[in-house]
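Enquirer: This is the structure I have questions about; it appears just below.
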Amino acid sequence: MLRSTLVAVVTLTLYLLDSVEDELELSAVRHRPEGLEQLEAQTRFSRKELQILYRGFKNECPSGVVNEDTFKEIYSQFFPQGDASTYAHFLFNAFDTDHNGSVSFEDFVMGLSILLRGTVQEKLNWAFNLYDINKDGYITKEEMLDIIKSIYDMMGKCTYPILKEETPRQHVEIFFQKMDKNRDGVVTIDEFIDCCQNDENIMRSMQLFENVI
Amino acid sequence: MAAGVATWLPFARAAAVGWLPLAKKTMPKPPVDKKSRNDEILFVNVSGLRFQTWKNTLDRYPDTLLGSSEKEFFYNEDTQEYFFDRDPEMFRHILNFYRTGKLHYPRQECIQAFDEELAFYGIVPDIIGDCCMEEYRDRKKENQERLAEDTEAEMATDTPLPPHSTPRERLWRAFENPHTSTMALVFYYVTGFFIAVSVIANVVETVPCRPPKGSKKDLPCGEKYSLAFFCMDTACVLIFTFEYLMRLFAAPSRCKFMRSVMSVIDVVAIMPYYIGLVMPENEDVSGAFVTLRVFRVFRIFKFSRHSQGLRILGYTLKSCASELGFLLFSLTMAIIIFATVMFYAEKGTKGTNFTSIPASFWYTIVTMTTLGYGDMVPNTIAGKIFGSICSLSGVLVIALPVPVIVSNFSRIYHQNQRADKMRAQQKVRLARIRLAKKGTTNAFLQYKEEGGFQDRGSDSALCLKNRSSFEHQHHHLLHCLEKTTNHEFTDELTFSEMCMTESVGYRTSRSTSISSQQGVSTSCCPRRAKRRAIRLANSTVSVSRGSVQELDTLQVHKTSAGPQSRSSLNARTEDLKLNCDDRDFTAAIISIPTPPANTPDESLPPSPAIPGILRNSRCSSFTHETVKISSL
């Protein structure tokens, strides 16, 4: 009888350990992207470019997805003087088009395709989507203020001239004066695109980042 | 930069499209990337073992040999590969570092050989991953100790005296570290000698000496030579009292000193003498007086100032207090149980020694500790049975907690060592991260100062220092951010100077225009501190963030004195319109740029005259741009 109880105890322990291990394995997320041909069709990158992009992405994120914390960490490394986490949060939401809390390689590459190889219309669309935090189709002053504050946060404290309290607000006012044609307090996508297309400085700078990849 | 950041830079630059509609000024031109975009496989031949890797992999760490142009020196045109005449086994680990971003220490390799390889390939050992860091450090320390001479112990205590120390501080230091001066050392040995003398005298005075003539009884030496012993005692107590008073005078915090263990021991050691002096020679109180003399034995504890080992033992006992308490408690339980049992078992016997339960305690203790004096023995059979059970269980009860205490001691000791190591490692890591951040910022500021923003043709590109394409692109990104917000990055020195000059209301003929514009600014630094406090609650803080926050809060503390006095300036606020022209004008006059500093920490600003000239030349180019800017 002692022997049988011993055997029972041992098997129970092994079973428990085993199930714990299974749970651990299930919790690790593995994501494999769509095939190379499909991505080639959906984006404007060449095969080689996609290969280079994926190799870098996979090396950094072996699990195949980037979650928000990692995203913030990565983006913050480029702006050591300031705090890039708020802006990274907005950027993450802009890249995470299906809003599932993680950026997969497809999201990443589609976003890059728009930014680097898209038409001016698409780029402006993307920028509008970034500013529109709650994705309701309108940019309000509060949303713009949040975005602009987060951009100024990236500058950090040691700037010249010294950053003042009202600088972001002033910046928002200037933006709205320019963009909000019908003075209804919100900027719609059409107002935004119209206004940007009429501004030659913005148009010219859109070509800047073509050769990033 | 950290591992793999180069991979993400293109993404960060692409995301800068989001700033374009908001930018206050036009964006700068991107750097020209002359290299071909295609990735290629490189061949690296290390003493015959061929490795292949993507060029991008090696480019991840541009400040190492393989990531920079330094590897071109090792390129062999005939075989179209990079040849290194080094250890091929070690190279595997080096290459893995590029691939995974983590440096591992191979345990079977010699630590010195590994260090040499790292030095050759330009890799700093500090980035060894956590998994191998402890092993690496232990081995390294072992190696150093083997080679180093035995001066470490002296170095630890020989901290140099701070300048302008009062005699009181010097005295305290002399007491705490006797090795620092000869006088202190002499005093140290003298007190040690007198402690020994006092203890020996206490012991010897109870030894029976030959009685004086005419008496049969053996007298203890203390009574025979009472005067001699009294003189010796007096001398010792005088020295101890003097020492105690000197320590009390020199102590930086007298209350803390008086509460410390050593001072209590000192007091207990000398008090009996004084009490004995004060008390009259009375038969009634002589009993109490004798008891007091027992306290003189505490003088032996004064040796713990002289012995490091005693102190460690004392500390261990203190830290093992809970285990000791458990031991005592379990022993007490067992004693009570067995004493009760033995008492009732032996109750019937005539003339038994077990008169009461407390009387049985003595038997139980003697039996459990396996002493067995034999002054109390059970007579009944039941008593004998329980007595044997008592002695068997005694062995177990005593033996069980002892290993716990021993392992506790060992654990505490090693924990102490490890905590110190971790603290040092953490400090080094934070310092390195801080340095890296500063390095990045300074590189950017230096790039700006060298006029990197001017539209240079390809011929003048050679004038700029050799900068990797990664750095070019990163600086372009930071420049775009500057243009978006119409503010420039500066370093902490300039910033703190700006804060202070504004607070003091510094006005010279050159800066009249500036201060009139900048006098309106609200206290910048406390506001930043407030915002940062709020942000800290929200943001996810990684180690690098933490260090930046730490760095920024350091800055806030440094400059927080400034803004308080600016309230008077705020009273006369003028409406400030940051005119682009004026800003550039101010840039021409007041700003003190960082000199091209290779060491990021020490950077003394040069005389303002020269940078003024430099800025002026840039100013002219700026004015062209300011005209073109739209009314955004």
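The values are calculated or read from the model by the stated rules, or taken from the named source; none is laboratory data. Quick caveat: nothing in here was measured; it's all calculated off a predicted structure. Counting neighbours? That spans all protein chains shown, and the Cβs are built from the backbone with ideal geometry, glycine included. Keep in mind that these areas ignore ligands, DNA and RNA; they rest on the heavy atoms of the full protein, side chains included. Shrake-Rupley method; radii C 1.70, N 1.55, O 1.52, S 1.80 Å.
Enquirer: If you count, for every residue in B:482-488, the Cβ atoms of partner chains within 10 Å of its Cβ, what is the mean?
Expert: Numbers: counts 3, 1, 6, 10, 4, 11, 5.
Mean partner shielding for this stretch: 6.
Enquirer: Using a Gaussian network model of chain A whose springs link C-alpha atoms within less than 10 Å, name the residue from A:PHE108, A:PHE78, A:PHE192 with the highest mean-square fluctuation.
Expert: Looking only at A:PHE108, A:PHE78, A:PHE192, the largest GNM fluctuation is found for A:PHE78.
Enquirer: Which entries of A:LYS178/B:LYS25; A:LYS141/A:LYS178; A:LYS48/B:LYS55; A:LYS164/B:LYS24; A:LYS135/B:LYS24; B:LYS140/B:LYS421 have Cα-Cα distances beyond 18 Å here? Write out the running numbers ahead of the final one.
Expert: Numbers: A:LYS178/B:LYS25 15 Å; A:LYS141/A:LYS178 13 Å; A:LYS48/B:LYS55 15 Å; A:LYS164/B:LYS24 16 Å; A:LYS135/B:LYS24 25 Å; B:LYS140/B:LYS421 13 Å.
Long pairs (Cα-Cα over 18 Å): A:LYS135/B:LYS24.
Enquirer: Where does the charge balance sit around B:PHE73 when Lys and Arg score +1, Asp and Glu -1, over other residues with C-beta under 15 Å from its C-beta? Please list the in-between numbers first.
Expert: Numbers: positive: B:LYS71, B:ARG86; negative: B:GLU70, B:GLU72, B:GLU77, B:GLU81, B:ASP85.
Charge balance in the 15 Å sphere: -3.
Enquirer: Report the local net charge at A:PHE92: Lys and Arg +1, Asp and Glu -1, summed over other residues whose C-beta lies under 11 Å from its C-beta. Provide the component values of the computation, followed by the final result.
Expert: Numbers: positive: A:LYS72; negative: A:GLU68, A:ASP69, A:ASP96, A:ASP107.
With Lys, Arg at +1 and Asp, Glu at -1, the neighbours total -3.
Enquirer: Accessible area lost on pairing A with B, both sides, 1.4 Å probe, Å² to nearest 100?
Expert: Details: alone 14070 and 39630 Å², together 46590 Å².
In total, chains A and B hide about 7100 Å² from solvent.
Enquirer: Which is farthest toward the positive dipole end of the stretch A:120-212 among A:CYS158, A:THR188, A:ASN134, measuring Cα position about the Cα centre, with Cβ charges +1 (Lys, Arg) and -1 (Asp, Glu)?
Expert: A:CYS158
Enquirer: Under the definition of Cα pairs under 8 Å and six or more residues apart, what whole-number percent is the relative contact order of the stretch A:120-212?
Expert: Details: 63 pairs, mean separation 29.6, N = 93.
Once normalised by length, the contact order is 32 percent.
Enquirer: Okay, next question. Below 10 angstrom from the Cβ of A:HIS171, what's the summed charge of the other residues (Lys, Arg +1; Asp, Glu -1)? Display every interim value, and only then the final one.
Expert: Values: positive: A:LYS149, A:ARG169, B:LYS24; negative: A:GLU166, A:GLU173.
Residues near A:HIS171 contribute +1 overall.
Enquirer: Sticking with this structure for a sec: From the Cα gyration tensor of the stretch A:70-176, with a ≥ b ≥ c the square roots of its eigenvalues, which class applies: rounded if a/c is under 1.5, or else prolate if a/b is larger than b/c, or else oblate?
Expert: Values: a/c = 1.97, a/b = 1.35, b/c = 1.46.
Since a/c reaches 1.5 but b/c is at least a/b, the shape of the stretch A:70-176 is classed as oblate.
Enquirer: Quote the charge dipole size of the stretch A:120-212 about the Cα centre in Debye, to the nearest 20; the model charges only the Cβ of Lys and Arg (+1) and of Asp and Glu (-1).
Expert: Working: 11 positive and 18 negative charges, 68 e Å.
That gives a dipole near 320 debye.
Enquirer: Here's something else I'd like to know. With a ≥ b ≥ c the root eigenvalues of the C-alpha gyration tensor of the stretch A:44-126, is it rounded (a/c under 1.5), prolate (a/b larger than b/c) or oblate? Could the numbers behind the result be given before it?
Expert: Values: a/c = 1.60, a/b = 1.19, b/c = 1.34.
Since a/c reaches 1.5 but b/c is at least a/b, the shape of the stretch A:44-126 is classed as oblate.
Enquirer: Using the Cα gyration tensor of the stretch A:120-212, with a ≥ b ≥ c the square roots of its eigenvalues, what is the shape: rounded (a/c below 1.5), prolate (a/b larger than b/c) or oblate (neither)?
Expert: Working: a/c = 1.72, a/b = 1.20, b/c = 1.43.
Oblate shape, in that a/c is at least 1.5 and b/c is the bigger or equal ratio.
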